[in-house]
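Engineer: Sharing a structure with you now.
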Amino acid sequence: MSSISNPATLFGLCGAALVGIGLFTVIVHPGLLRRIVGFNILGAGIFLIFGAVARRGAGAGFEGDPVPQAMVITGIVVAFSATALAVAMLQRLFDLTGRATLEPPAPEGRPGSET
Amino acid sequence: MSALANAPFYVTTSGGYLLVLAIILPAVAVLAMLLVPPRHVARIAFAVMAAGLAVALVIVAELVGTGMALAYVVGGWQPPLGLALRADGLSAAMLAMTAVVICATGLFARFHQCLEPETQDGRAATTFWPLLMAIWSALNAIFVGEDLFTLYVALELLTFAAVPLVCLDGRAETIAAALRYLMFALLGSLLYLLGAALLYGVFGALDIHSLSRLDGGAPAVTVALGLMIAGLLAKAALFPLHLWLPPAHAGAPAAASAVLSALVIKAPVFLILRLVLDVAPSSAGPLAGQIFIGQILIGQILAVLGASSILFCSVMAFRQQRLKLMIAYSTVAQIGYLFIVFPLAAGTETLPAWGTIAWTGGALQLVSHALAKAAMFMAAGAVAEAFGHDRISDLGGFGRILPISALAFGLAGLSLMGLPPSGGFIAKCLLLTAAVTGGHPWLAATILAGGLLAGGYVFRIVDRALATPAVELVARRPIPRRLEAVALVLALAAVGVGFVPLQPFGFLQLGRPAVSAMVAP
């Protein structure tokens, strides 16, 4: 049923590729900002998969299923909040310690707090 | 799609609005707290805690009274298009346990804040209350939610409320711990969401009841369940994904640690339980053999991880130099017991999973660990407050100055070790019996070894408490009795769970489909 030019298949594959890129970034990169961007790419991939599911109309058998779109909207809001929280905490960590990674696991007695 | 053909499964019952109240009340409190001046925030929290506790108890009473699950169909729209809330026996037990622990934590936090009147209305103290209420609302939503996407949103709300609690004091180490926690939690929830997307793609429905009635699409379902469970494991901090937990839970303020360790990590465990029990067997239709092998495999992987968790983290707990870190590692170890339930509670055609003793044991372990661990973190908080540090080696004889905290710690330890009489004893005894009779000698050995190791690390502290120190310990400041009493009450509750053996057995099965309905073609 699915040739590669079928839009649903194409979007699904793009979504899978984005999920892969995001997952790779999140797991491999030590820099927290890159990881946060990775989470956003991963999230975008998942939303694209939801979109492909909607286009296929798998669920209720409609032409295009509106339910996944509602989920994607909610998901975008959640992902936005998560990014905001993560960036705010990263900013705070950078202000306090001058580093933006978790790799050196907080050595004892580091002159950390300026405030 | 047989689910659509029958009469609707979800019908709003007479007490259904209580489920809405359980979620809405704390959420309204969060909003109200943003509007009032800081000194009134704690007052709102206490009013809502009293109301929320009453709601949870009424839900339990309603469930016992009617013998049926409570349900509420939001807006009258039937799933799969609408959303439903539903509380069966297990959910109601979780709601009640959550309410008790949250209320105790609230009292403890208030007494703790009263120690320093000048910061009582400060930022950290004021921020604590809306976060506590947000956690409560999200937990209640997870326990009664019936829709995998609703559960995703609730899980994220839980994360967003729990992460700031870790770094409430704003030190660099705690912010790093909180960020590490956030990274694991975000990865976990995105994997969960991906799994939900795949399930929706296959079935076009996300409510647990519809999913449990549908069949077919085996490979996609296996992948989806694998992704969701892996994501939830990262949030539940099961070995080897536990790395974020010890620094996060040990660095948080005592009241926050109690909530995080007792309740927050139980939510993903609860969801895994729902997925494995309600969604996975689901698909046991024409492809029964194939699915059952998949399910057994999932169960065995979870059990191996759980057993490694018990052994590895118990040893780590034993080796810690700081009291709060030790308790945090013990949390990971005790979570392991919840995962060895899966192969032990493997249901058969005539006996569903929730009819087995292992399942009752797992539920009891969940409740008794929540009570005991909250008590333990509070006792440790009192110790840290009194002496200004929590280095175990320098705490010799703390039992003379803080007898109530030492007693609370010891009683909570009984439950972790699984000594009678305590909730932990009943739970581990049931699990051990299930392991022996079910032919799982390695799991039985793990349960016994975990108990011995827990004994090791608990006695290490009890020994310190009773020791005669070379240099008399001096408390930095007097600790009010009522602060310590909260921990003692929770520890006594954990012991008390052991005095109602087999009573919850029936209660936990309320609202579950009867056996005959399960085997009907």
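Engineer: Between 0 and 90 degrees, rounded to the nearest ten: what's the tilt of helix B:123-144 against the longest Cα principal axis of chain B?
Structural biologist: The answer is roughly 30 degrees.
Engineer: Would you work out which of B:87, B:228, B:38 lies farthest towards the positive end of the dipole of chain B? Charges go on Cβ: Lys and Arg +1, Asp and Glu -1.
Structural biologist: Working it through, the farthest residue towards the positive pole turns out to be B:38.
Engineer: Counting partner chain Cβ atoms within 10 Å of every residue's Cβ in B:189-196, what's the average?
Structural biologist: For peptide B:189-196, the averaged partner shielding equals 6.
Engineer: When Cβ neighbours within 10 Å are restricted to other protein chains, what is their mean count per residue of peptide A:41-53?
Structural biologist: 4
Engineer: Answer with one residue from B:381, B:395, B:107: the one whose Cα lies farthest towards the positive end of the charge dipole of the protein assembly as shown, charges on Cβ with Lys, Arg +1 and Asp, Glu -1.
Structural biologist: Going by the charge dipole, the pick is B:395.
Engineer: On to the next question. Quote the accessible area belonging to residue B:331 in square angstrom, nearest 10, computed with a 1.4 Å probe and with ligands, DNA and RNA left uncounted.
Structural biologist: In the full protein context, residue B:331 sits at about 0 Å².
Engineer: Calculate, in nm to one decimal, what residue B:43 and residue B:115 gain on full extension: separation in residues at 0.36 nm each, minus their alpha carbon distance.
Structural biologist: Roughly 24.2 nm would be gained on extension.
Engineer: Tell me the label-point distance for the pair residue B:220, residue A:17, using the 7 Å Cα-to-Cβ offset, in nm and rounded to one decimal.
Structural biologist: Distance between the two pseudo-spin positions: 2.2 nm.
Engineer: In addition: Just want to confirm a number: the relative contact order over chain B, from Cα pairs under 8 angstrom separated by 6+ residues, in percent.
Structural biologist: About 15 percent, as a whole number.
Engineer: Explain nothing, just the number: dipole magnitude of segment B:7-519 about its Cα centre with +1 on each Lys and Arg Cβ and -1 on each Asp and Glu Cβ, in debye rounded to the nearest 20.
Structural biologist: For segment B:7-519, the charge dipole is close to 860 debye.
Engineer: What percent of all Cα-Cα pairs in segment B:401-496 falls in each 5 Å bin, counting up from 0?
Structural biologist: 3, 13, 18, 19, 16, 11, 9, 5, 4, 2, 1
Engineer: In Å², nearest 100, what accessible area do chains A and B bury in total when the solvent probe is 1.4 Å?
Structural biologist: 2900
Engineer: Please work out how much length the chain gains when fully extended from residue B:54 to residue B:452, using 0.36 nm per residue of separation minus the C-alpha to C-alpha distance, in nm with one decimal.
Structural biologist: Here the segment from residue B:54 to residue B:452 would lengthen by 139.4 nm.
Engineer: In peptide A:83-96, how many Cβ atoms from other protein chains are near each Cβ within 10 Å, on average?
Structural biologist: Other-chain Cβ atoms within 10 Å of each residue's Cβ, averaged: 4.
Engineer: Which semi-axis lengths, in whole Å and largest first, follow from the square roots of five times the eigenvalues of the Cα gyration tensor of the protein assembly as shown?
Structural biologist: In descending order the semi-axes read 38, 29, 24 Å.
Engineer: What number, rounded to the nearest 500 deg cm²/dmol, is the helix-based mean residue ellipticity at 222 nm of the protein assembly as shown, given -39500 (n - 2.57) per DSSP H run of at least four residues and division by all its residues?
Structural biologist: The helix contribution divided over the protein assembly as shown gives -23500 deg cm²/dmol.
Engineer: Sticking with this one: Multiply the residue separation of residue B:436 and residue B:475 by 0.36 nm, subtract the distance between their alpha-carbon atoms, and state the gained length in nm to one decimal.
Structural biologist: Fully extending the segment from residue B:436 to residue B:475 adds 9.2 nm.
Engineer: What order do B:484, B:62, B:173 take when sorted by accessible area (1.4 Å probe), most exposed first?
Structural biologist: Largest accessible area first, the list is B:173, B:62, B:484.
Engineer: Next question. Output the 0 to 90 degree angle, nearest 10, between the alpha-carbon long axis of helix B:41-66 and the longest principal axis computed from the alpha carbons of chain B.
Structural biologist: Compared with the principal axis, the helix lies near 40 degrees.
Engineer: What is the Cα centroid distance between segment B:1-72 and segment A:26-52, reported in whole angstrom?
Structural biologist: 35
Engineer: Between segment B:431-502 and segment B:353-376, what is the separation of their alpha carbon centroids in Å?
Structural biologist: That distance is 15 Å.
Engineer: I would also like to ask the following. For segment B:358-401, what's the radius of gyration and Dmax over Cα atoms, in angstrom?
Structural biologist: 14.7, 42
Engineer: Output the 0 to 90 degree angle, nearest 10, between the alpha-carbon long axis of helix B:441-466 and the longest principal axis computed from the alpha carbons of chain B.
Structural biologist: 20
Engineer: Hey, another quick one. Take residue B:61 and residue A:100, extend 7 Å from each Cα along the Cα→Cβ direction, and tell me the distance between the two endpoints in nm.
Structural biologist: A separation of 5.7 nm, rounded to one decimal place.
The values are calculated or read from the model by the stated rules, or taken from the named source; none is laboratory data. Here the structure is a predicted model, which is why all the values come from computation and not from measurement. With ideal geometry, Cβ positions are generated from the backbone for all residues, glycine too; neighbour counts draw on all protein chains shown. To get the accessible areas, we keep the full protein, side chains included, count just its heavy atoms, and leave off ligands, DNA and RNA. Shrake-Rupley method; radii C 1.70, N 1.55, O 1.52, S 1.80 Å.
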